[in-house]
Amino acid sequence: MIGIIMFFVALVMLLLGFPVAFTFGGIALIFGVFAEGFDMFAFMPFRIQSYMENTVMMAVPLFIFMGIVLQKTQLAEQLLEAMGKLFGGVRGGLAISTILVGALLAASTGVVGASVVAMGLISLPVMLKYNYDKSLACGTICASGTLGQIIPPSIILIILGDVLGIPVGDLFQAALLPGAVLIACYIAYILILTYMNPEMAPPIPNDLDNESRKAQIISALKAILPPLALVLVVLGSIFTGIATPTESSALGGVGAIVLALLYRQFSWKMLYDSSLETVKVTAMVFAILMGATAFSMAFSYTGGDYIVEELLLDLPGEKWGFIILAMLAILILGFFIDFIEIAFIIVPILAPVAEALGINMVWFAILIAMNLQTSFLTPPFGFSLFYLKGVAPSSVRTQDIYKGVMPFILIQILVLVSIVIFPELYGMD
C-alpha cells in the first residue's frame with residue numbers, strides 16, 4: 001500500500017500549493033528510499049536521457065515558441081477587430097466572433113493563457129460597451145480561450161502521444177472533428193440563448209454602404225488569411241505525411257517569424273523575449289516531467305500500479321465501467337490540479353488497463369484531452385478563470401465569471417459523452 005499512500009500524499013501536497021516538480025520528485029525520493037533504498041533510482045539518468053533524446057517531445061518547445069511569437073505580433077487584436085466588424089451586426093455577433101477567433105488562435109498559437117488574456121483585454125470591454133450580459137461575455141472568452149487544448153497543434157496532444165505511445169499525427173487528425181463539433185456547439189448555444197433573450201447580446205448598429213462593407217470584408221480577410229495559411233501549412237504537412245510533427249513545429253516557428261515580419265512586429269528584442277519565454281515554459285514542463293518520472297518509478301517499484309490495475313480491471317461493466325470511472329476521476333482531479341500533472345501521473349496509471357481491456361488508444365487519448373480541457377474552466381482552480389479575472393474591469397465580479405463558464409462546461413461534458421457513446425461518428429470506432 002506504500003504506492004497508494006504516496007499518491008494521496010502527493011495530491012495533498014499539490015492542493016496545499018507546493019511546487020509540482022519538487023513535490024513529485026521529493027515524495028518519490030522519500031518513499032522510494034524507504035521502500036527499496038537508493039538503488040531504485042540507479043536507472044533515473046537513463047530515463048532522463050531518453051526523454052532528452054525523444055524527437056516527439058522536441059515539438060513541445062517549438063510549438064510553444066510559435067505560439068509566443070504569434071502572441072507578440074498582436075495577432076489576437078487584429079483578428080478580434082476583423083471578426084467583430086464582420087459579425088457585429090448579428091445578435092450575439094461579438095460572442096460568436098470571440099469563439100471563432102479563439103479557435104483560430106488555438107490552431108495557430110495554442111497558448112491558453114495568452115488567448116484568454118488577449119480576448120479579455122480586447123473583446124470583453126467591447127461586449128460590455130454594447131450591453132452584453134457580463135456572464136455570457138466572460139463565459140465565452142474563457143471557453144474560447146481553452147480551445148487550444150483540443151484543437152491541433154495542441155501541447156497536451158503531443159504529451160499524451162508520448163505518454164500513451166501513439167503517433168502525434170494520428171492524434172492531431174482524430175482531434176479535428178471533436179474540436180469542430182465543440183466550436184459548433186458553442187456557437188449554437190450563443191445563437192439559441194440570444195434568440196430567447198435578445199437583451200443579453202444586442203447587435204451592433206451598422207450604417208455602412210455597400211462599398212464600405214466590401215472594404216471591411218477585404219480588410220477582415222487580410223487579417224484572417226495569413227494565420228489561417230500558417231495553420232494549413234503546419235497541419236497539412238503532418239496530415240499529408242510530408243513532415244513529422246516535430247518537423248512541422250519547426251516549420252511553424254519559421255512561419256510565425258514570417259508573420260511577425262508581415263505584420264511589421266518583428267524585432268531582435270521580440271525574438272529574444274520570445275526565446276526566453278519559451279525556455280521558461282519548456283523548463284517548467286520538463287521539470288514536471290522529471291519529477292513525474294521519479295514518482296512513476298517509485299509508484300511502480302512499490303507495487304502501486306498492480307493494485308490500481310487489479311482494482312480497475314475488476315470494475316463492474318469492464319470496459320465501460322473503466323471508461324466512466326477514468327473520465328470521472330480526471331474530471332474531478334481537474335478541479336484541483338493542472339493538466340500536465342494529470343497527463344504525467346494519472347494517465348500512465350490508466351494506460352496499461354486501457355490496453356488490457358482492448359480500448360482504442362487514440363479514442364482514449366481524445367477523451368482525456370477533451371476532459372482535460374474542462375479543467376481550465378472548472379472552479380475553484382480553473383486557470384482561465386484566473387487569467388480573465390486578472391484583466392477584467394472592476395465591474396466584473398468573480399461570480400459573473402463562474403456563472404458564465406457553467407453552460408460551457410456542460411457543453412464540453414455533453415460533447416465528451418457523445419464521443420464516449422458514438423465514437424464511430426468521430427471516426428474512432
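Restricting attention to helices (runs of 4 or more DSSP H) lying wholly within the stretch 231-314, give those where 1 or more residues are within 27 Å of residue 73 (Cα to Cα) and β-branched (Val, Ile, Thr). Passing ranges, in order: 245-262, 268-301. Among the numbered criteria (1) touching a residue at least 12 places away in the same chain (Cβ under 8 Å); (2) touching a helix residue (DSSP H, G or I) at 6+ places or on another chain (Cβ under 8 Å); (3) not charged (D, E, K, R), which single criterion is violated by residue 317? Status for residue 317: all satisfied but (1). For residue 396, the stated conditions hold: it is open to solvent by less than 20 Å² (accessible area, probe 1.4 Å), modelled with pLDDT under 90 and of a type in the set (A, V, I, L, M, F, W, C). Can you confirm whether residue 346 is touching a helix residue (DSSP H, G or I) at 6+ places or on another chain (Cβ under 9 Å) and either within 29 Å of residue 379 (Cα to Cα) or at pLDDT 80 or above (or both)? Yes.
Is it the case that the stretch 359-373 has a residue that's polar (S, T, N, Q) and surrounded by 22 or more Cβ atoms within 10 Å (Cβ to Cβ)? Checked the stretch 359-373: at least one residue is polar (S, T, N, Q) and surrounded by 22 or more Cβ atoms within 10 Å (Cβ to Cβ).
This table checks each residue for (1) open to solvent by 60 Å² or more (accessible area, probe 1.4 Å); (2) assigned to a helix (DSSP H, G or I); (3) touching a helix residue (DSSP H, G or I) at 6+ places or on another chain (Cβ under 7 Å).
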{"site": "11", "(1), (2), (3)": "no, yes, no"}
{"site": "23", "(1), (2), (3)": "no, yes, yes"}
{"site": "31", "(1), (2), (3)": "no, yes, yes"}
{"site": "46", "(1), (2), (3)": "yes, yes, no"}
{"site": "57", "(1), (2), (3)": "no, no, yes"}
{"site": "83", "(1), (2), (3)": "no, yes, yes"}
{"site": "91", "(1), (2), (3)": "yes, no, yes"}
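This table checks each residue for (1) touching a helix residue (DSSP H, G or I) at 6+ places or on another chain (Cβ under 6 Å); (2) in a loop (DSSP other than H, G, I, E, B); (3) open to solvent by less than 10 Å² (accessible area, probe 1.4 Å).
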{"residue": "118", "(1), (2), (3)": "yes, no, no"}
{"residue": "148", "(1), (2), (3)": "yes, no, yes"}
{"residue": "166", "(1), (2), (3)": "yes, yes, no"}
{"residue": "169", "(1), (2), (3)": "yes, no, no"}
{"residue": "188", "(1), (2), (3)": "no, no, no"}
{"residue": "193", "(1), (2), (3)": "no, no, no"}
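Within the stretch 289-308, is there a residue that is surrounded by fewer than 18 Cβ atoms within 10 Å (Cβ to Cβ), polar (S, T, N, Q) and under 25 Å from the mean Cα position of the chain (by Cα)? Scanning the stretch 289-308, I find no residue that is surrounded by fewer than 18 Cβ atoms within 10 Å (Cβ to Cβ), polar (S, T, N, Q) and under 25 Å from the mean Cα position of the chain (by Cα), so the answer is no.
Give the residue, chosen from 124, 104, that is among the aliphatic types (A, V, I, L, M), open to solvent by 10 Å² or more (accessible area, probe 1.4 Å), assigned to a helix (DSSP H, G or I) and in contact (Cβ under 8 Å) with a residue 60 or more places away in the chain.
104
The values are calculated or read from the model by the stated rules, or taken from the named source; none is laboratory data. Note that the coordinates shown come from a computational prediction; the quantities given were computed from them, not determined experimentally. Positions of Cβ are backbone-derived with ideal geometry, glycine not excepted, and every protein chain shown enters the neighbour counts. Side chains are part of the model used for accessible areas, which takes the heavy atoms of the whole protein and leaves out ligands, DNA and RNA. Shrake-Rupley method; radii C 1.70, N 1.55, O 1.52, S 1.80 Å.
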